[in-house]
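Here's the structure, in structure tokens; my notes come after.
Laboratory data are not the source of any read-out in this text; all were calculated from the coordinates shown. Owing to the predicted nature of the structure, the values given are computational and were not obtained by experimental measurement. Ideal geometry is used to build each Cβ from the backbone, glycine not excepted, and the neighbour counts take in all protein chains shown.
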Amino acid sequence: MSDCIFCKIINNEIPSTKIYEDEFVIGFKDLNPLAKEHYLFIHREHSKNINEISDSDPAQLSDVFKAISTFTKDSGLAETGFRVVTNQGANGGQTVFHTHFHVLGGEVLGGFGS
Ligand code: 5GP
Ligand code: ZN
């Protein structure tokens, strides 16, 4: 989508620090990290949120989670642990409307039961 910043990152029209790339998915550092390690994983195909991607082509979710699995195993994050978060809509706090998954780690994360 032409006015989508994450599509622009995919097309290298906006610079980013990419940490993972395959045929379907890219991973890059979040501009405003909320943990020592904070990455965003997105499908190359534009969709606006997890409900839309689930309805239009749920196999894309497998592509993204396979990428997260490969990256976290290769980088060592899987050994120490990490968290995956996705936000949808206003109450969810979504600010970029290209489906994305936050991968947070590198330290003990607060909240969610801890
Ligand atoms: P959301 O709030 O929609 O779940 O997450 C959007 C995330 O994208 C935020 O954590 C924000 O820091 C990140 N972000 C927004 N614009 C850019 C950008 O141009 N480059 C990168 N690397 N991250 C961005
Ligand atoms: Zn997009």
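Structure above, values below:
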quantity: Residue identified as surrounded by 12 or more Cβ atoms within 10 Å (Cβ to Cβ), away from ligand 2 (no atom under 14 Å from the Cβ), among the β-branched types (Val, Ile, Thr) and closer than 27 Å to LEU77 by Cα among ILE53, ILE19, ILE42; calculated: ILE19
quantity: Of all residues in the stretch 1-11 being assigned to a loop (DSSP other than H, G, I, E, B) and of a type outside the set (A, V, I, L, M), the one that is surrounded by the most Cβ atoms within 10 Å (Cβ to Cβ); calculated: CYS4
quantity: Counted residues, the stretch 78-108 - those being hydrophobic (A, V, I, L, M, F, W, C), touching a His at 6+ places or on another chain (Cβ under 9 Å) and more than 21 Å from ALA59 (Cα to Cα); calculated: 1
quantity: Failed criterion for LEU61 (all others in (1) of a type in the set (A, V, I, L, M); (2) within 14 Å of ligand 1 (Cβ to nearest atom); (3) without any contact (Cβ under 8 Å) to a residue 24 or more places away in the chain; (4) within 22 Å of ALA78 (Cβ to Cβ) hold); calculated: (2)
quantity: Conditions (1) under 18 Å from THR86 (Cα atoms); (2) away from ligand 2 (no atom under 12 Å from the Cβ): number failed by ASN12; calculated: (1)
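For (1) under 18 Å from ILE10 (Cβ atoms); (2) exposed (fewer than 13 other Cβ atoms within 10 Å of the Cβ); (3) in contact (Cβ under 8 Å) with a residue 60 or more places away in the chain; (4) polar (S, T, N, Q), each residue gets a yes or a no:
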{"position": "HIS38", "(1), (2), (3), (4)": "no, no, yes, no"}
{"position": "LYS73", "(1), (2), (3), (4)": "no, yes, no, no"}
{"position": "GLY93", "(1), (2), (3), (4)": "no, yes, no, no"}
{"position": "HIS98", "(1), (2), (3), (4)": "yes, no, yes, no"}
{"position": "VAL103", "(1), (2), (3), (4)": "yes, no, yes, no"}
{"position": "LEU109", "(1), (2), (3), (4)": "no, no, yes, no"}
